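The values are calculated or read from the model by the stated rules, or taken from the named source; none is laboratory data. From a predicted model like this one, the values you see are computed outputs, not experimental measurements. Cβ coordinates were reconstructed from backbone atoms using ideal geometry, including for glycine residues, and neighbour counts include every protein chain displayed. Just the protein is used for accessible areas: all its heavy atoms, side chains included, with ligands, DNA and RNA removed. Shrake-Rupley method; radii C 1.70, N 1.55, O 1.52, S 1.80 Å.
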Amino acid sequence: MRIIHTADWHLGKTLKSQPLLDDQIYILDELLKLIDDTKPDAVIIAGDVYDRSIPPVDAVVLFDETVYKIISRKISVLCISGNHDGAARMNFGSRLFERENFFLTTKPSANPAPVVLSDEFGEVYFTLIPFFVPADVKNIFAQDFNDANKFYVDEARKKIPAGKRSVAVAHLFVTGGVTSESEHKLVGGIGSVDAQIFSAFNYTALGHLHKPQTMKKTGWVVRYSGSLLKYSFDESTQAKGATLVEISGVGEVSFEHIDLKPRRDVRVVEDTLANLRGAEYTTDYIHANLTDKNYALYAMDKLRNGAFPNILSLSFVNLERAEETPASKNRRGADVSTLEYFADFYKHETGGELEGEYRATMENFLAELERESYGGRL
C-alpha cells in the first residue's frame with residue numbers, strides 16, 4: 001500500500017502578522033500534483049488542520065475544497081484533529097464523510113475501531129488517535145496521560161487481527177523529538193510519550209512537530225512528516241513537504257521525504273544594512289540579522305523598499321545597548337542640558353551629530369515641554 005503522510009497544515013496561520021492563506025493554497029496545489037504523480041491509496045493528515053479552534057471561513061473553504069479534490073481522485077483521506085483544532089466543530093458530518101472515504105476522528109472513543117483499507121495483498125488497519133487532554137481520557141479509562149496513550153493503543157490493537165498490516169495516526173510529542181518555535185506547547189500538563197507504545201504498528205504517522213524526523217525506523221517506523229510550510233524563522237533551514245510511505249505485502253516499510261516547493265520561501269539573511277540593500281531582489285519572507293555596529297534609522301523600510309519587499313522582522317545582532325550613552329556617563333554631574341543629553345544619545349544611536357533642522361526641532365520641542373510644566377507662565 002502506498003500512503004502520503006502529511007500533518008500540521010495550520011490553515012489560516014499568519015507569520016509575524018503576515019497572512020499565509022495564498023501560500024497555503026499554493027502548497028496544497030503542489031500536494032495535489034504530488035498525489036497525481038505518486039497515485040497513493042491514501043492520504044493521511046495527522047492533526048492541526050487549522051491554526052486555531054475557530055478558523056477563518058477562508059481556511060474552512062480551503063480544507064473542504066482540498067479534501068474534495070483528493071477523494072474525487074478515488075483516494076481515501078484519513079484525518080485526525082490536533083491541539084490547534086476545535087475537535088467538536090471538526091467532528092460535524094464525520095459519519096457521513098465515511099461514505100466518501102473521508103475518515104475523520106476528532107475525539108477518543110471507548111471502543112476505538114480501526115479504519116480498514118485494502119490493496120492487492122489484503123487489508124491494512126488504520127488506528128486514528130486524535131489529540132486529547134488528560135481529562136478526556138480519564139472520563140473513559142481513569143488513567144493519567146502517558147498510561148492513557150498506551151491503554152488507548154492497546155485497546156485499538158484488540159480490533160486488529162494478528163499478522164495484519166497496520167498504521168497508527170497520532171498527534172502528540174514523542175520523547176526525543178526536535179521542536180520548533182511555531183509549535184504551541186501541549187496543554188493540560190501533557191508530557192511526551194515513548195515511541196515504544198507504537199511498536200506493534202508497521203508505520204506510525206505523527207503530527208505536532210514541524211520538523212520532518214524519524215523517531216524509530218528499525219523493524220517498525222515512527223515518523224513526523226513535518227509541516228507543509230515553514231511557520232517560523234527557526235524553521236528556515238528545514239525541508240518541508242510530505243512523506244511517501246510504501247508498505248509491502250509482508251509489512252515491510254519504506255519511506256522518503258518529498259520536498260514541496262513553496263510560493264515564497266522563509267529565509268534568514270545576515271549582513272550589514274548597506275550590503276543587504278544591494279542584495280538580489282526576492283519576494284521570500286525575510287528576517288534580517290543586521291551586523292552594523294550601530295542602529296540604523298528606518299532599516300526595515302529601507303530593506304522593504306529595496307531587495308526584500310516581504311521582510312517581516314530584523315535584529316541588530318552585534319549591538320549591545322548600554323543603559324546610558326558613553327558620552328552621558330562621562331559628563332555625569334556636569335551642567336549638561338536635556339538637549340545635550342539627547343544629542344549624545346542621537347550620536348550613539350546613529351553615528352552622526354544632531355544638527356540643523358533636527359536639532360532645532362528637538363530644541364523647540366523641549367522648550368514647549370518646559371513651558372507646559374510651568375503652566376505657561378514663562
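Tabulated data
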| quantity | calculated |
| --- | --- |
| Under 5 Å, built H, 5+ apart or other chain: amide partners of Ile44 | Ile4, His5, Thr6, Leu78 |
| Links that overshoot a 32 Å alpha carbon limit, given the list Lys69/Lys240; Lys74/Lys159; Lys158/Lys216; Lys107/Lys216; Lys211/Lys293; Lys107/Lys217 | Lys211/Lys293 |
| Of the trypsin sites (Lys or Arg not before Pro) in the range 1-68, those whose Cβ has at most 14 other Cβ within 10 Å and which sit in DSSP loop | Lys16 |
| Inter-probe distance in nm under a simple model that places probes 7 Å from Cα toward Cβ, at Asn318 and Thr282 | 2.1 |
| In order through the range 313-318: 3J(HN,Hα) via Karplus (6.51 cos²θ - 1.76 cosθ + 1.60), integer Hz, x for Gly, Pro | 6, 8, 9, 9, 6, 9 |
| Helix-only mean residue ellipticity at 222 nm for the chain, each DSSP H run of n ≥ 4 adding -39500 (n - 2.57), per residue, nearest 500 | -8500 deg cm²/dmol |
| Under-5 Å amide H pairs with Lys240, H placed in peptide plane, nonlocal only | Leu260 |
| Length-normalised contact order for the chain - Cα pairs under 8 Å, 6+ apart - percent | 13 |
| Highest average packing first - 99-109, 194-204, Cβ atoms within 10 Å | 194-204, 99-109 |
| Cα-Cα P(r), the chain, percent of pairs per 10 Å interval | 5, 20, 25, 17, 11, 10, 7, 4, 1, 0 |
| Residues with amide H under 5 Å from that of Asn289, placed H, sequence gap 5 or more | Val269, Glu270, Asp271, Ser315 |
| The range 175-262: GluC sites (Glu not before Pro) in DSSP coil with no more than 13 other Cβ atoms inside 10 Å | Glu181, Glu252 |
| Most positive-pole-ward Cα, Asn146, Phe121, Ala170, against dipole of the range 45-184 from beta carbon charges | Phe121 |
| Protection proxy ranking, peptides 167-175, 71-79, average beta carbon neighbours within 10 Å, highest first | 167-175, 71-79 |
| ³J(HN,Hα) computed for each position of the range 26-32 - Karplus, 6.51 cos²θ - 1.76 cosθ + 1.60, integer Hz, glycine/proline x | 5, 5, 6, 5, 5, 5, 5 |
| Rounded accessible area per residue of the chain, 1.4 Å, Å² | 51 |
| For the range 157-167, 3J(HN,Hα) per residue [Karplus equation, 6.51 cos²θ - 1.76 cosθ + 1.60, θ = phi - 60°, Hz, x = Gly/Pro] | 5, 5, 8, 10, x, 4, x, 7, 5, 8, 9 |
| Förster radius 35 Å - calculated FRET efficiency between Val178 and Lys107, Cβ distance, rounded to 0.05 | 0.75 |
| Heavy-atom accessible surface of the chain: percent carbon and sulfur, 1.4 Å | 48 |
